[in-house]
Amino acid sequence: MYSFRTEIENPIVEKDIIELDRKIQLYQHGKIDEDGFRSLRLARGIYGQRQAGVQMIRIKLPFGKLNSEQLHRIADVSDEYSTGRLHITTRQDIQIHYVSLDRTPELWAELEKSGITLREACGNAVRNITASETAGIDTEEPFDVSLYADAVFKFFLRNPICQELGRKFKISFSTTDQDRALSFIHDLGFIAKTKQIDGLEVRGFKVMIGGGLGAQPRHADQVYDFLETDQIIPFIESTLRVFDRYGERNRRAKARLKHLILDVGLDAFLKLIEEEKEALAYQSFPINTIPAKKTGFDDGLEIPKVEIADAFDFETWKETNLIRQKQQGLYAIGIKIRLGDFYTDKARILADLVRDYAQDEIRLTINQGILIRDVKEALLPYFFVKLKEMGFADVGYNSTLDLTSCPGTDTCNLGIASSTGLARVLETTLKEEFPMYVNNKDISIKISGCMNACGQHSIAQIGFYGMSINKGKLSIPAFQVLLGGGSLGDGKGSFSDKIIKIPSKKGPDALRKLLYDYEGHKKKEELFNHYYLRKGKDHFYQLLKPLANITEINSELLVDWGHNEAYIKAIGVGECAGVIIDLVSTLLFESEEKIANARLSLEQEKWADSIYHSYSALLNTAKAVLIGENVKTNSQIGIINDFDQYFVQNGLIPMETSFADLIFQIKKNKASETFATTYLKEAIAFYKTIDTLRSNAIKNES
């Protein structure tokens, strides 16, 4: 049954995978409700697809870092359990599609052999920690943020405070003021800074909070201009605790951190964070900044001799795809991966290349590309030839020609129009008609299949998101055109304006009009967004308005890009943020599990973890009672207040103190063995009281 059990060295990981396998079997035998099971599998990186009966698996790769062994492992897993296609996401993950649910535990076990996890890649948890792909090699960086991103990833993975948040939580680390990791759109964004204190250079971060994209993008607020590095994990933990307790849990569209901050106000939110500090296990958390040793270069390595067939191509490639590192004599090579999709045969060749001729490390990028690091200058011709053989030497890395697109209607339940289809035709249009943009870093083009912004259309100079236009009984695949977004650096950015919606098949014409207009009327050296602001939104609306005319509909407009048949709008249930579990029949059972986790953590001397598990058990038990009485529970703080109002104050449930006083001991006590032990006993006693009352009520009803 558990054939992979003895092959996993880490007992915590083994337990996780066995538990997934057990829950799959319970679900398939009707023992677990669909909604309850969905939440569990999402937290394990298993995401429903548009196609029935198969899953998308998201592989969590902190700040996009991979070595050759790991890339080989992912390729092997994709061939064995999927279709051999790998998809790079805008959060530096890899996704594989069309996986049978039955095989996901075995798949996960295979990945763990190379230190790769699925845990919390989806669901209402801390998602993949992203970072500038040039971290550690950037000539402008004050220090390498990779080690800090890695420490945050490890600290919060499986951490009880962030396993059942109201919504997903995203964190980024930018290595310079260029802000390549886009701090302004994250729940928490960190930008590396240094400061002179008492004559010493001290490391820290500028901190941004409450940003986000989606249908209602919000610019993050700056809360620190300099937070010392030992304080970032305590600050993140306090933020997560407040978000967990006060965040919305019913209205999915209002459940992100940005909405909580808008509701309570930034100052009040920061006050709540300050109140949580007493309960933290660590008031300071120094992070080890000694990097792991790299394999080092073999000075005796023979440089393979190659012939460059086209010197102009080679020079253009060097101009557009190379980054000079801060390490003398070394370069990073950018690979433009079309729509983020590449295949396992090429992945293995690439893995061997970086193992043998670089220092065995690549970084996936937020633009769905790949960055090879630590390449000697003498090896550049060899890399060019080998990458060209693989189809990985297309020029224009991170340029206008390097489009970003989510999978859209290819596999996503929420996709409305084919974002990948439009991206392919726009890329062709750019190559054939606008080759001068091959090294343009000013204009980015980003496409999403719906308004949820997985393709990051909201921060593109030119963006598109999928929608439909109804004309009588006909539905026409369409895209909303957006202009004027982008990162301004150092925690600042702008969101694009909606201009007009046009039929999908008019997308290339829209791009032509925009670029010809810009080229024909811009001032010397004028950037696209500056031109957009100078001309004004209405200018571009009038420019594109003829393309929106659907008075006469031809058959071509009814067929989306990449399809042969007439468009049918079909939107499924989205899972990108998980689903809230409000099932009375499972809540008390979950309380028992949380109490068991609290007891185990206590035995392992993990006082803070035990305390939070006990807190969750208390909360879960109270929620079960409220749900049983049809009382809506929108947030944890709502559960606490409502339980006191409905049951304690009315004397329906006997308690020596209020439920608020009982549960909020978590804010007033330091994480210690004494408090963890007492708090667990109180959680058990409260659960037994509620369980006894419920059992008696059931007997009386029968």
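The values are calculated or read from the model by the stated rules, or taken from the named source; none is laboratory data. Note that the structure is predicted; figures quoted are calculated from it, not measured. Here the Cβ is made from the backbone with ideal geometry for all residues, glycine too, and neighbour counts use every protein chain on show. We work out accessible area using only protein heavy atoms, side chains counted, and drop any ligands, DNA or RNA first. Shrake-Rupley method; radii C 1.70, N 1.55, O 1.52, S 1.80 Å.
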Go through (1) open to solvent by less than 20 Å² (accessible area, probe 1.4 Å); (2) out of contact with any Gly (no Cβ under 8 Å at 6 or more places or on another chain); (3) hydrophobic (A, V, I, L, M, F, W, C); (4) under 29 Å from Asn367 (Cα atoms) one by one and return the number of the condition Val13 breaks. (4)
For segment 194-205, give me each residue that is more than 16 Å from Ser146 (Cα to Cα) and open to solvent by 70 Å² or more (accessible area, probe 1.4 Å). Lys195, Gln196, Asp198, Leu200, Glu201
Taking only segment 141-193 into account, find how many residues are out of contact with any helix residue (DSSP H, G or I) (no Cβ under 7 Å at 6 or more places or on another chain), among the polar types (S, T, N, Q) and either closer than 30 Å to Tyr615 by Cβ or crowded, with 24+ Cβ neighbours inside 10 Å (or both). 4
Suppose we filter Gly578, Gly574 for residues that are at pLDDT below 85, under 30 Å from Lys471 (Cα atoms) and either crowded, with 22+ Cβ neighbours inside 10 Å or small (Gly, Ala, Ser) (or both); which single one remains? Gly574
Enumerate the pairs (first residue in segment 352-371 and more than 22 Å from Gly340 (Cβ to Cβ); second residue anywhere and open to solvent by less than 10 Å² (accessible area, probe 1.4 Å) and among the hydrophobic types (A, V, I, L, M, F, W, C)) with beta-carbon separation below 6 Å, excluding pairs fewer than 6 apart on the same chain, so at least 6 apart or on different chains. Tyr357/Leu379; Asp360/Val354
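Go through segment 138-195 residue by residue and tally those that are of a type in the set (A, V, I, L, M, F, W, C), under 16 Å from the mean Cα position of the chain (by Cα) and closer than 22 Å to Asp490 by Cβ.
Adding up the residues that qualify gives 10.
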I'd like to know if segment 100-107 contains one or more residues that are in a loop (DSSP other than H, G, I, E, B), at pLDDT below 95 and open to solvent by 10 Å² or more (accessible area, probe 1.4 Å). yes
Conditions (1) touching a strand residue (DSSP E or B) at 6+ places or on another chain (Cβ under 8 Å); (2) free of Cβ contacts under 8 Å to residues at least 40 places away in the same chain: number failed by Ile129: (2)
Does segment 420-441 contain any residue that is among the aromatic types (Phe, Trp, Tyr), in contact (Cβ under 8 Å) with a residue 12 or more places away in the chain and assigned to a strand (DSSP E or B)? no
So which residues in segment 61-86 are open to solvent by less than 10 Å² (accessible area, probe 1.4 Å), of a type outside the set (A, V, I, L, M) and within 27 Å of Lys23 (Cβ to Cβ)? Ser78
Quick test of your reading of the structure: Ser695 fulfils all but one of (1) loosely packed, with under 12 Cβ neighbours inside 10 Å; (2) within 27 Å of Asp16 (Cα to Cα). Name the failing condition by number. (2)
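At least 3 residues that are more than 24 Å from the chain's Cα centre (by Cα) in each: list the helices (runs of 4 or more DSSP H) lying fully within segment 228-347 that qualify.
Here the list reads 266-276, 311-321.
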Among the residues of segment 557-569 satisfying the criterion of being open to solvent by 80 Å² or more (accessible area, probe 1.4 Å) and in contact with a strand residue (DSSP E or B) (Cβ under 9 Å, 6 or more places away or on another chain), which is nearest to Gly415 (Cα to Cα)? Lys569
Among the residues of segment 309-365, which ones are open to solvent by 40 Å² or more (accessible area, probe 1.4 Å), within 13 Å of Phe392 (Cα to Cα) and among the aromatic types (Phe, Trp, Tyr)? Tyr343
Among (1) under 26 Å from Ala347 (Cα atoms); (2) more than 21 Å from the chain's Cα centre (by Cα); (3) small (Gly, Ala, Ser), the one test that Ala52 misses: (1)
